[in-house]
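Working notes, structure below.
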Amino acid sequence: RGRFRSKQWYQRRVREFQTFQHYFKQINLSVRKMVEESIYNLLPTVAHPESKNDRYVSVFHESVKDELKQKKSISKTMGPAKVSPNDPKTFAKKRGKEPVLPERTQFVRPNADQKKPPVPKIDEKPVMGLKSNKNFINTNAVENIMSVAKKPQPKYVDTPGGTTNNVEDSGLVPKFVKKDNYGKVPKYLETRKQQMEEHQRSYDEYIQQRLERGALNQISAAERQNILDGLKKNWEELHLQYQGLSVVTDTAPKKARKERMEAEMRQLEKDIETVEKHKIIYVTDNF
């Protein structure tokens, strides 16, 4: 009993399931009626047909069709519908597909006309007893005395293991010092210097003409120094305010103020660099 269920227990479960299914159908029907009786369904709606866009047709449609027609050939896939039968007289014969070899000829060596020297006979003896009066010892001694000693190739060792390298390729030998053009200014630098002098001369002439007309005014050294001191002082005051800002920029005003002060400091740094770089400064009247 504890392990297996009785038949009456299964029948009760089936009846409960059928009752639950019946109630669920009733609830579903009531929900459908509520949806159908909505106020939005009082006015009749007109079903508009869905408008479909025109089918896309490629611009190259015709050209592609023409190319396909050109590449096609008659009976390319399955072959011709009717094939003419072979001639019964030209049937396949035995060894008909074997290669035809040329006719056999006698082999002739390429140097057959050039005969080798004959083998010496038994009674023939080689020439013997030839002697030379040359003193090889004295000759070798004289050659070594008169010859120039061969200089060893200079090398250097750069590792404890004794690895050798050529000194000439290492840069330790002063090769460039012995060149003819060593210590002389290259031609392209002289040309560049002349061009810069010409540009500076033309610029000075232009400035002189503007000064004579009164369109430009040159700032004195004292005024230039005052401007430079004022820019540096403004930068120091702005930097002091920047250091007093909050470390955490969690709000938009804090972030905007920090970015504005950084932009002003960068602009002041550019102005200071410009004034320090140029010793002579001109100011126009129309500025």
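Is it true that some residue in region 39-51 is open to solvent by less than 100 Å² (accessible area, probe 1.4 Å) and more than 60 Å from the chain's Cα centre (by Cα)? Yes, region 39-51 has at least one match.
The residue of region 258-282 that is farthest from residue 231 (Cα to Cα), among those that are under 42 Å from the mean Cα position of the chain (by Cα) and of a type in the set (Lys, Arg), is 258. Of all residues being open to solvent by 60 Å² or more (accessible area, probe 1.4 Å) and either modelled with pLDDT under 70 or in a strand (DSSP E or B) (or both) in region 212-224, which is farthest from residue 281 (Cα to Cα)? Just the residue, please. The extreme case among them is 217.
The residues on offer are 180, 169, and the sole one that is surrounded by fewer than 10 Cβ atoms within 10 Å (Cβ to Cβ), under 38 Å from the mean Cα position of the chain (by Cα) and not in a helix (DSSP H, G or I) is 169.
Go through the residues of region 189-196 one by one and say whether even a single one is within 52 Å of the chain's Cα centre (by Cα), closer than 30 Å to residue 284 by Cβ and either open to solvent by less than 90 Å² (accessible area, probe 1.4 Å) or not hydroxyl-bearing (Ser, Thr, Tyr) (or both). Walk me through it before giving the result.
Applying the first criterion (within 52 Å of the chain's Cα centre (by Cα)) to region 189-196 yields 189-196.
Okay, now just the ones that are also closer than 30 Å to residue 284 by Cβ, so 195-196.
Checking which are either open to solvent by less than 90 Å² (accessible area, probe 1.4 Å) or not hydroxyl-bearing (Ser, Thr, Tyr) (or both) leaves us with 195-196.
Checked against the condition, which is being within 52 Å of the chain's Cα centre (by Cα), closer than 30 Å to residue 284 by Cβ and either open to solvent by less than 90 Å² (accessible area, probe 1.4 Å) or not hydroxyl-bearing (Ser, Thr, Tyr) (or both), region 189-196 yields at least one hit.
Here is a yes/no grid of residues against (1) open to solvent by less than 80 Å² (accessible area, probe 1.4 Å); (2) modelled with pLDDT of 85 or more; (3) farther than 30 Å from residue 284 by Cα; (4) in a helix (DSSP H, G or I):
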site	(1), (2), (3), (4)
201	no, yes, no, yes
210	yes, no, no, yes
226	no, yes, no, yes
230	yes, yes, no, yes
236	no, yes, no, yes
240	no, yes, yes, yes
245	yes, yes, yes, no
257	no, yes, yes, yes
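Determine if region 129-152 includes at least one residue that is open to solvent by 100 Å² or more (accessible area, probe 1.4 Å), in a strand (DSSP E or B) and at pLDDT 90 or above. No - not one qualifying residue is present in region 129-152.
Flag set for residue 90, criterion: over 60 Å from the mean Cα position of the chain (by Cα), open to solvent by less than 100 Å² (accessible area, probe 1.4 Å) and β-branched (Val, Ile, Thr).
Scanning region 224-245 for residues that are under 47 Å from the mean Cα position of the chain (by Cα) and of a type in the set (D, E, K, R) gives 232, 236.
Does at least one position in region 111-127 carry a residue that is part of a loop (DSSP other than H, G, I, E, B) and either within 30 Å of residue 165 (Cβ to Cβ) or in contact with a helix residue (DSSP H, G or I) (Cβ under 8 Å, 6 or more places away or on another chain) (or both)?
At the first step, the residues of region 111-127 found to be part of a loop (DSSP other than H, G, I, E, B) are 111-127.
Adding the requirement that they be either within 30 Å of residue 165 (Cβ to Cβ) or in contact with a helix residue (DSSP H, G or I) (Cβ under 8 Å, 6 or more places away or on another chain) (or both) leaves none.
No, the conditions are met nowhere in region 111-127.
The values are calculated or read from the model by the stated rules, or taken from the named source; none is laboratory data. Small disclaimer: the values here were computed from a predicted structure and weren't measured. Don't worry about glycine lacking a Cβ; one is built from the backbone with ideal geometry, like all the others, and counts go over all protein chains shown. Remember, those area values only see protein heavy atoms, side chains included, never the ligands or the DNA or RNA. Shrake-Rupley method; radii C 1.70, N 1.55, O 1.52, S 1.80 Å.
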